[in-house]
Amino acid sequence: MMPKPQSNGEYPAYYQAYIDLVPEGDVKDVLARQLEDNLSLLSGVSETEANYRYAQGKWTLKEVIGHITDVERIMSYRLLRISRGDQTPLAGYDDEQYVKESLFHTRTLSSLLEDYKTVRNSTISLLNGLPHGAEVRKGFANNGEITVRALAYIIAGHELHHVKIIKEKYLV
């Protein structure tokens, strides 16, 4: 079991809102449940609905799903490097630029969901293979110190944040 990270130096304060969203329990179980729940939630969405923007300048549902997957890839990469003892400072990224350059809106919803599923399963596999003690290793990403377990919780919390928006703004 990987307990929630502590707010006293395990992650930058701006991640607090994501970590707070994650329920108690093993984060690997949370990630597995999210995969099942979100595939179920989104499996009946049509291509028309997936191309919907709830306001001008907002992402389409496809872009939100692609964004969730991209962020998980980045956080998992950071998690891998830090868990292996890499102390190289890892750069930040511009999520708006990533979405713009991705052309997620040109892909099918089913391809985006398959991509999400693949990435999530890879993240869970990575977490399952961590050596004992790796979850508290610290590294540097986006100009802040962060632990492996904080990255796992950020992945889960970031998705919970966006799923709430999906339910409130896209699937109404």
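Details
- Only one item in (1) 39, 37, 34; (2) 52, 38, 25; (3) 46, 30, 24 matches Cα extents along the principal axes in Å derived from the coordinates shown, and that item is (3).
- Dipole orientation for the chain: of the candidates Ala141, Ile154, Pro12, Ala141 has the Cα lying most toward the positive pole (charges on Cβ; Lys, Arg +1; Asp, Glu -1).
- The chain: relative contact order as a whole-number percent, Cα under 8 Å and 6+ apart: 41
- Dmax and Rg, reported as Rg then Dmax, of segment 1-97 (C-alpha, Å): 16.2, 45
- With all pairs of different C-alpha atoms in the average, the Kirkwood value for the hydrodynamic radius of segment 6-61 is 14.3 Å.
- For segment 82-172: lysine pairs under 25 Å (alpha-carbon distance), excluding those fewer than 8 apart on one chain: 7
- Per-residue ellipticity at 222 nm, computed for the chain from helices alone with -39500 (n - 2.57) per DSSP H run of at least four residues, works out to -17500 deg cm²/dmol.
Just so you know, all these numbers are worked out from the coordinates, no wet-lab data involved. Small disclaimer: the values here were computed from a predicted structure and weren't measured. Neighbour counts run over all protein chains shown; Cβ positions are idealised from the backbone, glycine included.
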